[in-house]
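Working notes, structure below.
Read-outs throughout are calculated quantities, based only on the coordinates presented, and are distinct from any laboratory measurement. None of these values were measured; they are calculated from a predicted model. Note that each Cβ is placed from the backbone with ideal geometry, even for glycine, and that neighbours are counted across all protein chains shown.
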Amino acid sequence: MLKLKFLGASGFVTGSCFLLETNDTKFLVDCGMFQGPKSIKELNYGDFPFNPSEIDFLLLTHAHIDHSGLIPKLYKKGFSGSTYCTAATHQLASIMLPDSGYIQEMEVERKNRKAIRAGKPLLEPIYTAADALNCIKYFQNIEYNQEVNITPKIRIRFQDAGHILGSSTIEIWIQEGMKNLKIVFSGDIGNLDQPIINDPTYIADADYVVMESTYGDRLHAKTTTNKLEQLSTIINDSLSRGGNLIIPAFAIERTQDLLYNLNKLIQSKEISPEHIFIDSPLAIQATEIFCQNPSYYDEEAKELAKNQSCPLIMPGLNFARTAEESMEINKIKSGAIIISASGMCDAGRIKHHLKHNLWRHESTILFTGYQAMGTLGRRILDGEKKVRIHGEEIAVNAQIKKLEGYSAHADQAGLLKWISSLNKPPKKIFITHGEGDSPKELANLLRDKYPQTDVYIPELYQEFVLDLPAKIEADLSRYNFIHKKLDEFIARQIEKGNVNYLNQVLAKIEHLI
């Protein structure tokens, strides 16, 4: 018997965490942080809905915080098993998780200063940077397309999800007695033709599928001009108005995508900005990791890497590593492209750059990524005229732009293409990582496409028992029939005295097994 429990990314996009329990093993797929409105963030606090010390191992699809962000808390609360992921995910997590711990420490310190003045109880961070660093030693690397037996009854394989560097779809084969089943976790399925990385790998078969639905109700916008042309136009228009261009960007993948395309535009002389700043220690470290891992590149990026030491480095690029270097950027009033994290504007140095530029008519804020409900980025993008940043009300006077085509997620068509790669319909499909109409619309499309397949949109903490697929029952009946015939054959040969012949046959069978 296999139980599957949904402990996050159910009814909303973030907090990816799934608990699987066999007769003798408990393991997790992802252990992500909840992001978005305060009511969702509150789920990061308090106890896990399971005993961490009882978890045998963790499988991590990729390094984004909404998939990995509570791993340090998991170890802090008693988990001591291995976390399996690709080498690139390991490297990225080793910088992202300590950064997450540091941000929590700083946010709690700021809130506690207010709490002291108001006579309120002090808060504690969910975990610290030191907690995060401590858990990295438990990570173990598994590369793409490598089948590994984690236990005698559980075998796994990571496939390229095409989402960010090292991101994975995970295939899991589980044996219970004579029963076998295969469950696939899509992870975040990547958009086609992204810079640097390969397209998603398609999976041939599965009994059960847990798949994301972030863009399950929409298609990425098709435009008459390509993404590079749009980016060039926005940059030139923005800087000609005498202000700065502020780009909130996720430190992992989105920042590197932008650098890759900025380099191409500079090389083709389409743009000539005075300054380009990457103001995020995490994004800087991630860029260095990208430069160190050309084996994960797609063919175009590999070709560019032959001519340059790294296709993400260009003339005029400045890395702001320290707080002092970050504050110096705020003295620049025009001519700068400032790329900073976090991508949803909920934390980090981007909030300072918004505070200094959001109220200026001559500046531009460019969004290139998904903005979850309730985040500062979503509120700005939705047209709020005033927002609160670090306790101060800021007028939204800058031009607000959104550039389509940078999404690292597959759209509805991409999701349907991914699931259609299966040779036959799975027994059950579970729709996760979606909010609003996204999971509902995708589920309805899949019900029409696969009328014999049960399609569920799990609720938070809902548990399912995964039964034995019909095909495997048929295979088991066939095994019992063959076993019976083999017993009859052995009895006949013994009765006839054909011991040598019988030993030869059994040796061949033993070799095959």
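Residues whose amide H comes within less than 5 Å of that of Ala410, counting only those at least five positions distant or on another chain, are Ile189, Gly190, Asn191 (H built at 1.01 Å from N in the peptide plane). Restricting attention to the stretch 87-225, lysine pairs at least eight places apart or on different chains and with alpha-carbon atoms under 29 angstrom apart total 4. Maximal additional length on extending the Ser53-Asp205 stretch stands at 51.4 nm, based on 0.36 nm per residue less the C-alpha distance. With axes computed from alpha carbons, what is the tilt in degrees of helix 254-267 against the longest principal axis of the chain, rounded to the nearest 10 within 0 to 90? On a 0 to 90 degree scale, this one is about 60. Relative to the longest principal axis of the Cα atoms of the chain, helix 87-118 runs at roughly 50 degrees.
Modelled spin-label separation between Asn226 and Lys355, with each label point placed 7 Å from Cα along the Cα-to-Cβ direction: 4.1 nm.
Starting from the 7 Å offset along Cα-to-Cβ, what nm value, one decimal, do you get for the label separation of Ser272 and Lys77? It works out to 5.7 nm between the two label points. Take the Cα of Leu416, step 7 Å toward its Cβ, do the same at Gln308, and the gap between the two points is 3.7 nm. The calculated FRET efficiency for Glu495 paired with Glu176, based on their beta-carbon distance and R0 = 41 Å, is about 0.65.
Convex hull volume of the C-alpha atoms in the stretch 342-392, normalised per residue: 79 Å³. Taking the Cα atoms only, what angle lies between the long axis of helix 227-240 and the longest principal axis of the chain, rounded to 10 degrees? Once rounded, the angle reads 20 degrees. Residues Ser94, Ser438, Ser342, Ser186, arranged from fewest to most other Cβ atoms within 10 angstrom of their Cβ, appear as Ser94, Ser438, Ser342, Ser186. What separates the Cα centres of the stretch 102-148 and the stretch 332-374 is a distance of 24 Å.
Suppose the chain between Ile389 and Gln140 were pulled fully straight at 0.36 nm per residue; how much longer would it get relative to their current alpha carbon spacing?
85.7 nm
Taking max minus min of the alpha-carbon positions on each principal axis, the stretch 227-402 gives extents of 48, 31, 29 Å, largest first.
Count the lysine pairs in the stretch 227-402 whose Cα atoms lie under 20 Å apart, taking only pairs 8 or more positions apart in sequence or on different chains. Final tally of qualifying lysine pairs is 23. For Arg117, neighbours were defined as the other residues whose beta-carbon sits under 14 Å from its Cβ, and their charges (Lys and Arg +1, Asp and Glu -1) total +4. First select every other residue whose beta carbon is under 9 angstrom from the beta carbon of Ala410; then total the charges, Lys and Arg +1, Asp and Glu -1. In short, -2. The packing ranking, built from the mean of other Cβ atoms within 10 Å per residue, places the peptides 25-32, 313-320, 375-382 in the order 25-32, 375-382, 313-320, highest first. Compute the FRET efficiency between Asp454 and Ser295 as 1/(1 + (r/R0)^6), taking r as their Cβ-Cβ distance and R0 = 30 Å, and round to the nearest 0.05. Calculated transfer efficiency: 0.15. Sorted largest first, the principal axis extents computed over the alpha-carbon atoms of the chain equal 98, 59, 43 Å.
A Förster distance of 51 Å, applied to the separation of the beta-carbon atoms of Glu124 and Lys440, puts the FRET efficiency at 0.85.
When shorter helices are ignored and each DSSP H run of at least 4 residues is given -39500 (n - 2.57), the per-residue value for the chain at 222 nm works out to -11000 deg cm²/dmol. Between the stretch 233-250 and the stretch 1-74, the alpha-carbon centres lie 38 Å apart. In terms of packing, defined here as the mean over residues of other Cβ atoms within 10 angstrom, the peptides 499-507, 160-168 line up highest first as 160-168, 499-507. Applying a 4.7 Å Cβ-Cβ cutoff to the chain, the cysteines left without a disulfide-compatible partner are Cys17, Cys31, Cys85, Cys135, Cys345.
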